[in-house]
Amino acid sequence: MKFHTIGNNFAAEVSGIDLKQDLGAATIKSVEEALQRFGVLVFRKQGLSEAEQIRLAKAFGPLDGGLRKATGAPSRFSHEALIDIGNVALDGEVSAKNDARLLSRLANQLWHSDSSFQNIPVAYSMLSAVVVPEHGGDTEWCDLRSAYEQLPDDLRQIAENLVAVHSAFHSRRLLGDDQYTADQLAKFPPVRRPLVYQHPFDGRKIVHPSVHIESIDGMSVPEGRLLVAELLEHVTQAAFVYRHSWQAGDYVMWDNRSTLHRGRRYDLQDRRDLRRTTTVERH
């Protein structure tokens, strides 16, 4: 494998590897070490099937199904752990613009890390591009380690030792998607996470102002949300962001513990088929 640094040095494009093949333990270890070092890895011309993506993801840890565990939404995939990030309906056609599942996915266009609203140690996410729109639909990642290290002193002092309340449905409510039952809401009660923490790989500190944060302990709701907005403004400066323009066959892996990401706008009537897998930390 070769790693070509991109994205302000916190992402890398990887060559010399075929992800469709069974990867040995040594290769898996090398990929994971690179993923922890860079934060984002880009693999071109992979074209994985559902089964190949599931097999590959499992090599990096147990899989997590995310919000589908609460919504119970039907899937067009044969593997439950595949998470739909596209606009394809169950019948294989492009979803109508008012399709409830599509509207829920639009929250992916807000800065977040996957499943921070769960009380589980989420690690990596992997996104496979099967069909991409002609225009738009890029994905951006930001480097939370470098962003912390360049926080203004006053903002760093405020953020240290604060606890953020993450809610699975907060980002969706912001976009008017609030048709959830009491049973669904109960499956994902709010969880508390430090606003600043250390990465388990290298010990570098990270500031984590995800859109999933609905409040900050010890602050009024407006004060807490304004702090999160200010931190988001800082961590998403161009100096900390890698923007990926998708090609069919791309496979991108990232570390949710050191990055935030968001999708970008595209024409919802232009077919887009992206498939995500997410892992939790190994015990």
The range 18-126 -> Rg/Rh from Cα coords, Kirkwood Rh, value 0.97
The value for the range 120-206 (convex hull of the alpha-carbon atoms, volume per residue, Å³) is 186
Which lysines does K29 reach when only Cα atoms under 16 Å apart count, and residues fewer than 8 places away in its own chain are ignored?
K2, K58
How about K97: which aspartates and glutamates have a C-alpha closer than 15 Å to its C-alpha, ignoring those fewer than 8 places off in the same chain?
D177, D267, D270
For the range 35-127, listing GluC sites (Glu not before Pro) in a DSSP loop whose Cβ sees at most 12 other Cβ atoms within 10 Å gives E80, E93
Along the principal axes of its C-alpha atoms, what lengths does the range 220-283 span, in descending order and rounded to whole Å?
44, 40, 25
Principal axis dimensions, the chain - Cα atoms, whole angstrom, descending
48, 44, 38
Where in the range 110-136 does the label zone of H79 land, with the point 7 angstrom along Cα→C-beta and an amide N cut-off under 17 Å?
123-131
Which value, in debye to the nearest 20, gives the size of the charge dipole of the chain about its Cα centre, when Lys and Arg are +1 and Asp and Glu are -1 at the Cβ?
380
Cut-off under 18 Å on the C-alpha distance; same-chain residues fewer than 8 positions from K187 excluded. Which lysines are left, in chain and number order?
K69
What are the equivalent ellipsoid semi-axes of the range 63-189, built from the alpha-carbon gyration tensor (square roots of five times its eigenvalues), in whole angstrom, biggest first?
29, 19, 15
Mean projected area in nm² (Cα convex hull; one quarter of hull surface) for the range 1-63
4.3
Rounded percent of accessible protein surface that carbon and sulfur make up, the chain, 1.4 Å probe
48
One would report the antiparallel percent of DSSP beta bridges in the chain, rounded to the nearest 5, as 90
Quickly work out the D177-to-A89 label distance, labels modelled 7 Å from Cα along the C-beta direction, and quote it in nm with one decimal.
1.8
With Cβ to Cβ distances under 11 Å as the rule, what net charge do the other residues near R76 carry (K, R +1; D, E -1)?
-3
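The values are calculated or read from the model by the stated rules, or taken from the named source; none is laboratory data. All of these numbers come straight from a predicted model, not from anything done at the bench. Positions of Cβ are generated from backbone atoms using ideal geometry, with glycine treated the same way; all protein chains shown enter the neighbour counts. Accessible surface is based on the protein model in full, side chains and every heavy atom, while ligands, DNA and RNA are left aside. Shrake-Rupley method; radii C 1.70, N 1.55, O 1.52, S 1.80 Å.
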